[in-house]
Amino acid sequence: MLSQKISQALNSFCQLGPQAALLIGVSGGPDSLSLMHMMHQMGLNLIPAHLDHCLRSESADEAKVVAQIAEAWGMHCIQGKVDVAQKAKEQGQSVEEAARECRYRFLFEQAERVKAQAVVVAHTADDQVETVLMHLLRGADMGGLKGMTYQEIFPHWSMAIPLIRPMLGVWHTEVINYCKEQGLTPLFDRSNLDKTYFRNRLRHDLLPRLETYNPQVRQVLWRMAEVLREDEELLIQLSQNAWQDCLYNLEAGLVTIYRERFLGMPLGLKRRVLRMGLDLLRPNLRDIGLDTIDRAVEAVQSPTVSGRLDLIAHLDLVIEDEKFYIKEKAVGLPLGEWPQVPQDENLALIPDSEIELNSGWFMSARLIERSEYLQQKPNQLKDPNQAWLEADKLAFPLIIRGRKSGDRWQPFGMHGHSQKISDFFINEKIPEKARDGWPLVTQSETILWVAGIRPSHLYCLQGNEENVLNLRLYKRPSK
């Protein structure tokens, strides 16, 4: 009996509390009407909700019919109305996508308002088959091929209220028979015949054609989705563990991931971790193609010179040596871990002084005599965060600044040959985000030290200097 199948699905898959209200979306068609009837007969605390999409001339009258049916069964139906066609135009979406967005936003807003424990919709096994086929044609991975689930959280609409689908194991023919047995008169939505909609073309053209190859193709696709859904539960746990292991940081519009840990994972987990990052920044982005995910995997494994990849939906992938980022295009990358000079500032540095840079970074200058220099340990002299310059040839104050267009210098170790500072940064693998503000110690326009990396060939010690200038870059922990 159909009501028993629904009751079993509610108990086994949908994880409902016994008393709290359930907000049920009701279009008035056979699926939603029969589901509302069965759940009402079970004595569940139902709150019907209907959204008029304003796509058909008869939609206002249909809204009244749904309200009257609910009232006849002792329930008040929450009504809403939105011009979906106009929304689609404003948002640059298809009518199908805009209708889905408007419908679920309405249902979850009302569920929040009435403190419902869940939103209930009447997707059937036929809807599941069509969804799986849509995802297959668009090149989805297992996450898409498993189709819809009985219970799911959509953070885009609510972080706490789940969407439940107790009819995923019920075929439309069973619903039609139930309506006849119970004397229900569902509404007919003529837009379901409109083949300009992708789902309708699948329903009326492709699936009947596939049935000429295998009359049981719907059942085959449905069973495949069930098996993949069960496998997915295990993979979700593995993916969560992988995500926690390689996640470095989360902030608004920016996900930071440890690159080495990511590269050490199997390809399947790499794909899932990337999808989880995309889902965090674009929770309502549907049907992310496998080609998008694989482009991202390849970019992390073998970065281009720019280290950037235009992903999807105004999101970028940016790769550095130790980390990579999934980010909003307008969001800058964090700079706290790198020494930086505040933008457009020239900082004066004199002996026996200390200059604060950014995020706990400092630079100090100290004049010492030759005897003290000779007492330094070899590891101090080789420390890239210190520079030792011939003080008597320097004119103070020195200037700490960021790079300028056209900067050239003579790095130590190149025997007096000059190089563009931009090329030096690339060779030293300085992250692109950190190059403009990287501290350069200069005298006039001559670069003396690229802080923390290498001094200039100029003013390096020859071995007979009486006075030495010691520059040091260091970081203090934040208080």
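The values are calculated or read from the model by the stated rules, or taken from the named source; none is laboratory data. Every value quoted in this text rests on a predicted model; they were computed, and no experiment measured them. All Cβ positions, even for glycine, are placed from backbone atoms using ideal geometry, and neighbour counts span all protein chains on display. With ligands, DNA and RNA removed, areas are computed over all heavy atoms of the protein, side chains included. Shrake-Rupley method; radii C 1.70, N 1.55, O 1.52, S 1.80 Å.
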> How many of the residues in segment 232-273 are among the hydroxyl-bearing types (Ser, Thr, Tyr) and farther than 24 Å from Lys329 by Cβ?
Replying inline: 1
>> Suppose we filter segment 104-118 for residues that are within 19 Å of Ser32 (Cα to Cα) and over 23 Å from the mean Cα position of the chain (by Cα); how many remain?
In response: 7
> Considering segment 102-126 alone, what residues qualify as being touching a residue at least 60 places away in the same chain (Cβ under 8 Å) and in a helix (DSSP H, G or I)?
Replying inline: Arg103, Leu107, Gln110, Ala111, Val114, Ala125, Asp126
>> Anything in segment 353-376 that is open to solvent by 30 Å² or more (accessible area, probe 1.4 Å) and touching a Lys or Arg at 6+ places or on another chain (Cβ under 6 Å)? List them, or say none.
In response: Trp361
> Which ranges mark the helices (runs of 4 or more DSSP H) fully within segment 226-315 that have 1 or more residues being over 25 Å from Glu101 (Cβ atoms) and touching a Ser or Thr at 6+ places or on another chain (Cβ under 7 Å)?
Replying inline: 267-281
>> I want to confirm something. Restricting to segment 433-458 and keeping residues that are part of a loop (DSSP other than H, G, I, E, B) and aliphatic (A, V, I, L, M), which single residue is farthest from the chain's Cα centre (by Cα)?
In response: Leu458
> Is it true that Tyr178 is out of contact with any helix residue (DSSP H, G or I) (no Cβ under 6 Å at 6 or more places or on another chain), at pLDDT 95 or above and either open to solvent by 70 Å² or more (accessible area, probe 1.4 Å) or not in a loop (DSSP other than H, G, I, E, B) (or both)?
Replying inline: no
>> Looking at segment 252-282 only, could you name the residues that are of a type in the set (Phe, Trp, Tyr) and open to solvent by 40 Å² or more (accessible area, probe 1.4 Å)?
In response: Tyr258
> What are the residues in segment 43-66 that are open to solvent by 30 Å² or more (accessible area, probe 1.4 Å), within 40 Å of the chain's Cα centre (by Cα) and either at positive phi or not basic (Lys, Arg) (or both), if any?
Replying inline: Leu44, Asn45, Ile47, His53, Cys54, Leu55, Ser57, Glu58, Ala60
>> Being open to solvent by 10 Å² or more (accessible area, probe 1.4 Å) and either under 21 Å from Val468 (Cβ atoms) or assigned to a strand (DSSP E or B) (or both) is true for just one of Ile399, Ile430. Which residue is that?
In response: Ile399
> Looking only at segment 86-101, which residues are in contact (Cβ under 8 Å) with a residue 24 or more places away in the chain and in contact with a helix residue (DSSP H, G or I) (Cβ under 6 Å, 6 or more places away or on another chain)?
Replying inline: Val95, Ala99
>> If Gln237 satisfies all but one of (1) in contact with a helix residue (DSSP H, G or I) (Cβ under 7 Å, 6 or more places away or on another chain); (2) surrounded by fewer than 17 Cβ atoms within 10 Å (Cβ to Cβ), what's the number of the condition it fails?
In response: (1)
>> Which count do you get for residues in segment 54-71 that are among the charged types (D, E, K, R) and touching a Cys at 6+ places or on another chain (Cβ under 8 Å)?
In response: 1
> Got a sec? Which of Thr196, Thr173, Thr185 is open to solvent by 60 Å² or more (accessible area, probe 1.4 Å), outside any helix (DSSP H, G or I) and modelled with pLDDT of 90 or more?
Replying inline: Thr185
>> Considering only residues that are assigned to a loop (DSSP other than H, G, I, E, B) and surrounded by 15 or more Cβ atoms within 10 Å (Cβ to Cβ), which ones fall in segment 67-87?
In response: Met75, Cys77, Val82, Asp83
> Restricting the search to segment 337-386, which residues are free of Cβ contacts under 8 Å to residues at least 12 places away in the same chain and aliphatic (A, V, I, L, M)?
Replying inline: Leu374, Leu381
